[in-house]
1. I need the strands (runs of 3 or more DSSP E) fully contained in segment B:379-442, keeping only those with at least 3 residues that are closer than 18 Å to residue B:499 by Cβ.
2. Being in contact (Cβ under 8 Å) with a residue 24 or more places away in the chain and assigned to a strand (DSSP E or B) is the requirement here; does residue B:463 meet it?
3. Based on what the data block shows, is residue B:284 surrounded by fewer than 23 Cβ atoms within 10 Å (Cβ to Cβ), in contact (Cβ under 8 Å) with a residue 60 or more places away in the chain and out of contact with any Asp or Glu (no Cβ under 7 Å at 6 or more places or on another chain)?
4. Mind counting the residues in segment B:206-263 that are in a helix (DSSP H, G or I) and closer than 30 Å to residue B:469 by Cα?
5. Determine, yes or no, whether residue B:939 is over 41 Å from the mean Cα position of the chain (by Cα) and modelled with pLDDT of 95 or more.
6. Suppose we keep only residues that are among the charged types (D, E, K, R) and within 30 Å of residue B:269 (Cα to Cα) within segment A:1-42. Which one would you say is nearest to the other protein chains (Cβ to nearest Cβ)?
7. Here's a check for you: in segment B:834-865, which residue that is out of contact with any Ser or Thr (no Cβ under 9 Å at 6 or more places or on another chain) and β-branched (Val, Ile, Thr) is nearest to the other protein chains (Cβ to nearest Cβ)?
Amino acid sequence: MALTLTCPICGPRCGYEFRYGGEDKGPRPAEADLSPRAWCDYVHMNRCTAGLQKEWWCHKDGCGSWFTTWRDTVRNLEVPEPAAVETSS
Amino acid sequence: MKRIQDLPTLRIDPTQGRSLTFEGRPYQGYAGDTVASALFAGGIRVFGRSLKYHRPRGLYSLDGECSNTCVAVDGIPNVRAETTLLKDGMRVTAQNVKGSARFDLMGFMDKLDWLMPAGFYYRTLHKPAAIWPLAMKQVRKAAGLGIMAPDFKMPGRYDEIYPTADVCVIGGGAAGMTAALAAAESGLRVVLLEMRPWLGGSFDYRVQPCADGRPLHERARELARQVAETPQIRCFTQTAMVGAYSNNLITAFQVGGNEDPFDERYIEIRAQSVVVATGCIERPLLFDHNERPGVMQAGCAQRLARTYGILPGKEAVFSVGHDLGLETALDLCDLGVRIHCVADCRQDGQDPELLQALAEHSIPVLTGWVAAKAHGGRHVKGVTLATVEGTVKRRLACDLLVASAGLTPVNGPLILAQAPLAYDAHTGYFLPTALPAKMFTAGRMTGRNHPAAIEASGRNAGLRAAAACGADNGAARAEASSALEALPGPERGSKLVTAPVRGRKSFICFDEDATVKNVKQAVAMGFDVPELIKRFTSAGTGPGQGGIPGHNLPLVTARMTASAATPKPTTVRPPLVPTYLATYAGRHHTMTKRTPVHDAQAAAGGIFRRIGVWERARYFSDDQDCREEILNVRRNVGLLDASTLGKFRLHGPDALRALQRVYVSDMRKLSPGRIKYSAMCNDDGCVIDDGVVVKRTENDYYFTTSTARAGQTIEWIRYHTRYDDWAFHLVNLTDAMGVVNIAGPKARQVLEKVADTDVSSTAFPFAAYREFTIKSEIPVRAMRLGFVGELSYELHAASSWMPALWEILEEAGQALGVKPFGVEAQNVLRMEKGHIILGQESEQRTNLLDLGLGFLWDRTKSDAKTVGAVALRQAEHDADRLKLVGLRMEDNASAPRDGSIIVDERIRGYVCTARKSFTTGEAVGMALVDAPLAGLGTRLAIFEDESDGQLRYARVVAMPFYDPEGARMKM
C-alpha cells in the first residue's frame, strides 16, 4: 500500500498498519426521538467525497489508538488539515 | 562456437562450464551466460515461434523486451531466456511449436495472415454465436505462449523485503551510479536498483573514450567500485523495478544468485525521493520481415560480442538511426565481423569523428538509406536497402542485419508514477512535462548521449533528490547544475517512422504478431487513438509490456491519422516486467499460537487442529465422535483447555460507561463476586460476541470474549467510544493468562483437594466469581459456569502457572477418572445443552433476538447509546427473520451434516450443529430457520450434500435437549 499515515503517537507509518474507520460523522446521535431513517443515515450513509475528507483510522498494528486525519481520496494521500474558511462558505 | 576470450568487457567466466539442453540436445555455456547467449553460442538461431503466424523468432534485443526468446525451462513456461542466468542442467524447450523451433508444422500459418485482419476475432467469429466455442478451441490450439502442466508445482524459495531509503535510484548505469553517489554524499541512505547482474548500463560494453581518454567500460567499472565502497548505498542487482505508487513507493523483484537464500524476492521500497535513470532501449526499425532471426538491434549485436564473446554474424549490414549504431559497426569490424555497409536513415547529424573512423575502416555509409526488406526463410540471407523515400533500392547478401530506427527512453517508471508525457519534437522521445513530487530523471532517458553529460545529469539529479530529503547542499547543486549546462544537451533524434514499405510483413509488435498493415486496417475502421488501436490490434499487450511497439505505435498512428505532430503515448501498467506469482506470494508462513498447556495435551494424545490463530486440541482419540470424552464429562470429570478465550481488564473512572456502550445488558447491576453473561452487537443489532463480565472492585472489570473476537475487542471498544474522551484503560490479557475448565459431576471433588478455600455450593454457588489460590501457591480467578451443562469451574491463571495448574488438577482427579476433552467434545456437550457458539449458531446477519437471547438486552439504558440497541428496537417488529430452533431427526440413526440446508420450495434455513447425542440417544441439533417454520412440532425437510436428492426430516423441538431444568450445573 502506497498510503502512509501519521499516527499521533507513533508518527508516519506504512498504511498496512492501519484500519480505516470511516468518514468523520460526529458522535452517535441521542436515541430519544431518533427516526429509523436518521439512524440508518448515520450508520450506513457516506458522503463519499472526491477530494479532501476527515476520517478515522486505527493504528491496529501499532499503538492501537483511533485518530482522525485528512486524506485526499482522489490521490490517496494524507494531507494537512485544510484552512477553516472552506467550511463556512 | 569459440568465444572471444581476451576482452576486458567480458561478463562470462570461460573457465567455468555450464551445460544445458535445448529441445533434448546438449549445449555448453559458461558461468555468466544467460540462457539466450549460451544457446546463441551453440548455434541456435530460432528460439521459438510467434503467437499467431508461427514465424521463426530469434535473438533481437538482450533485455527481454519481446517474447521472441521466451522458452520453457524445467517446466516453467515463458521464461525470458535473455535475462535468465544459465544454471547447470537447465532443460530448455521452445514454445508454440508443433515439431521443433526450426521445423514447425504450423509454419503455414504465416501464409494465412490475409485471413486474420486486425480484430478478426471480434468481427468474424461471433456470428452465429455457436461458432465461438468451436473457434476458441482451435484458436487456443494454434496460438499462444508457453504451456504449463495443470499439476505443475512451482519449485524454489520466494521471499520479500521492505527496505526504507531516503533516495531510491532506479537504474544502475553511469547516470544512476553518479546519482546514487551524489545523494550519498550528504550521508543519506540510498537504494540502487539494477536489472542486469552488474552495474554499468550502456557504458559497460562500450569502448569509446570518455573524458579522460579511458574507454567507457573502464569508467563504468570505476563508478561501480565507488558505489560498492560507499556504505550508505544498498545496491540490488538483477532487480527489475515493476511498480511505482504514490508517496514514492517503489516495488521491484530480485532474482537470487547461487549464494542467496532465495530464488526470487519481492522488494517494496519506501523512499522519500526517487531518481529514475533507466536509460534508453532501441526503437525497432519497421521494414518487411524485420523480426527474421539474424535481424537484431545494435546493442544486442555489440553486447553479444563484448559481454559474452560471441560474434553475432560474419557478414553484416547495418541499418541504423543513431550514433550508437555507427559505434557498434566500428567495434564489430574491429572484432572481426565484415561490415558490408552502414545505412543511416538520418540525412545528417552524425558524429563526424565516427564517420571519419568508418571511412578509415573502409565501411561504406549510406545516409538517408534504410533496410526495406530482409530476405531468407529461417534466417537472414540478405537485405534490400532503399532510400528513405523508397526511390532507389539495392540488394546485399549478409547473415546479420543490425537494425534500429533510433532510441527510445525507458519511461515506464514515469508512466506508472503518473507523470504526464508529451512528444518532444527535438529528441523524438516522449518526455515528461511534469514530474511527481520528489521524483527526478537523469541520464540517457533525458535525451543526453554525451558520456560526460550523462554523468553530470546523474550527479545533478542525485543532489536534487538529496535536497528533497532535506540535505543542505545548495552550493554543490549550483555547481553541478552549471557543469551540466556547459555540456551537450539532449540530442536530435531520428524521426523515421517506417521504411518505405506497404507493411504487410512489417511487425510493429512481435509478441502479438501485429503489423503496420494491421494498424492501417484499424485506422481505416475509424480507430484514431493509439490506446484504442493497441486494444483492437493487441499490439503492445504481450509479455513485453510494449517494449517493442511502445514508441512506434503512436508514431505510426500519428502518421496515418491527421495528428502527425502530436503522437500520444500508450500507457503501461505494473508489473513492468513479467513476474512470477510465486514471488508475490512470498514465503507463505503458517503462523499459529499455542496455548500454555499445549505440551501437556500433546502428551495426553491430543490431536490438534488450527482454529483461527490457534492450534487447539480437537480430539483425544481417533474416535472423531468423541464418545468416551463426552461420557466422561457427563459421568465423571473432564479438563478442557480454554486458554484461547479473549481475556481483558477494563479499568478507570469511565470503565462502566464503556461497558454500557458495547454490552447489551445493564452493567450497573453487576455486583462483586457475581458473573454476568452478556453479548455485544454491532450497529445492525447482529451479535458479534458473547462472554462473561466480572466486577473485581470499583471501576475494575475483567471480561472474556469468544476466541475469534479477542484480536478486535480493544479496537472495537475504542472505536465506539472515540468521540467521548472517557478515561479508561484496556489491557488484553488473552496471552498473559490461561484458562482450564474443569467440568463434570465430580468437578467439585477434584477442586476441593487443591483449592485453599471453601468451594461448596453454598460458599461458591452457580454463577459466582471467586479469587483464591491453589496449593497455597497459584493465584486463580475462578468462575462457576455451565457451558457444557455440568457442574464446572473455569480457572483463570497466569500463563506461566498453567502447566503446573493442569498437572495438579490431573493428579488430584486421577482417582475420580479425570480426563482431558477436546474442542469437538465440548461442541457436542454444549449443543446438547442448547448453548450457542457464535459463528456456529450465527452468521453475519443473525441478531440477538434471532438467537433467543433478547433477555440479555436492557432497553432502559438508552442514555448509554448502546451499540445495536436502536437496530434491535426496529428488528423487534420484523417478522421476516431466521430463528434459532432445536430439532430432532425423525430417523434417529444419525444427524445431518452441519450446514445442510432446510428446504421446501426454496431454501428456508440451515442446520447449524447437529450430532447423534450419546447422552440422550437421539439425533438432535440446532438450526436457523425462517420464522414461520420455528413453531414447535414443525416438520423440517433437510437436504444434505451427496444424498442423491433424498431429503431427511426432523421436527422442531424445545431446547435444551439435556437437563432442561439446569439441575446438573447447579448441583
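1. Values: elements: B:382-387, B:393-397, B:400-403, B:406-409, B:421-423, B:430-432, B:439-441.
Hits in segment B:379-442: B:382-387, B:393-397, B:400-403, B:406-409.
2. Values: in contact (Cβ under 8 Å) with a residue 24 or more places away in the chain: yes; assigned to a strand (DSSP E or B): no.
It is false that residue B:463 is in contact (Cβ under 8 Å) with a residue 24 or more places away in the chain and assigned to a strand (DSSP E or B).
3. The answer is no for residue B:284.
4. Here is the first cut: in segment B:206-263, the residues in a helix (DSSP H, G or I) are B:216-229, B:246-248.
Among the residues that remain, those that are also closer than 30 Å to residue B:469 by Cα are: B:219-229, B:246-248.
Qualifying residue count, segment B:206-263: 14.
5. Values: over 41 Å from the mean Cα position of the chain (by Cα): yes; modelled with pLDDT of 95 or more: yes.
Here the answer is yes, as residue B:939 does meet what is asked.
6. A:19
7. So, considering only residues that are out of contact with any Ser or Thr (no Cβ under 9 Å at 6 or more places or on another chain) and β-branched (Val, Ile, Thr), the one nearest to the other protein chains (Cβ to nearest Cβ) is B:860.
Yes/no per residue for (1) within 14 Å of another protein chain (Cβ to nearest Cβ); (2) surrounded by fewer than 22 Cβ atoms within 10 Å (Cβ to Cβ); (3) under 20 Å from residue B:458 (Cα atoms):
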position	(1), (2), (3)
B:177	no, no, yes
B:186	no, yes, yes
B:204	no, no, yes
B:216	no, no, yes
B:228	no, yes, yes
B:235	no, yes, yes
B:248	yes, no, yes
B:257	no, yes, no
B:275	no, no, yes
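The values are calculated or read from the model by the stated rules, or taken from the named source; none is laboratory data. What you are looking at is a predicted structure, and each value in this text was computed from that prediction instead of being measured. All Cβ positions, glycine included, derive from the backbone under ideal geometry; neighbour counts span all protein chains shown.
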